[in-house]
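Below is one structure, written out as structure tokens; comments come after it.
Bear in mind that the values in this text are calculations on the coordinates, not laboratory data. Please read these numbers as outputs of a predicted model, since none were measured by experiment. Heads up, the Cβs are rebuilt from the backbone with ideal geometry, glycines too, and the neighbour counts pull from every protein chain shown.
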Amino acid sequence: MPVRTPTQGEANARIAGRDKPTPPAVDRQTLIEGLNRDLAGEYQAIVMYIQYSAKLTGPYRRELRALFQSEITDEQGHAQFLADKIATLGGEPTTEPGVVPRADQPREMLEQALAAEKRAIADYEERLRQADAFGDVGLRVSLENQVADETRHKEELERVLAGWNPR
Ligand SMILES: [Fe+2]
Ligand SMILES: [Fe+2]
């Protein structure tokens, strides 16, 4: 196959580094608003896991309580990171958690927790794109670590639900 010689325009674009598609820039305010939604989600997760561990009943109470409580520690670290980052960017970190869905039975709690973890992963994927567009590599790395934590939470909840019979 004959090798096509790049046109002068293509060569110039390559020299200028313009042949890579650049994502649209994200302004500081948009990033702060996104991080504040994530922060409200982390507060919501903390409240959810505290309330669900208190309400748990039945033969699996101890195991599920230990699982929920281990996640509180991670979510608290995520919340602190987000609040610090928002303040550093010049924003006001929110103090309002999202609404925790009511659950009375252990299975409902696991399902609600799984939905919350999936939502957090999707939200962080959007924030990763914004961090890239904003040009903050450090934020990208920290958010990737948070996604790894949420993925571990999600998978653990899925493993429990996969073998669940009692309603
Ligand atoms: Fe989290
Ligand atoms: Fe989580």
Go ahead and collect, in residue order, the members of region 130-155 whose backbone nitrogen is under 15 Å from a label point 7 Å along the Cα-Cβ direction of Leu89. 130-144
Beyond 24 Å, what percent of the Cα pairs of region 24-162 remain? 30 percent
Quick calc, Ile72 & Ala25: beta-carbon distance into FRET formula, R0 30 Å, rounding 0.05, result 0.25
Fully extended, how many nm does the chain gain between Glu125 and Glu96 (0.36 nm per residue separation, minus their Cα-Cα distance)? 8.2 nm
For region 75-156, what is the relative contact order in percent, using Cα pairs closer than 8 Å and at least 6 residues apart in sequence? 25 percent
Separation between the Ala54 and Glu158 pseudo-spin-labels, each 7 Å from Cα along Cα→Cβ, expressed in nm? 3.1 nm
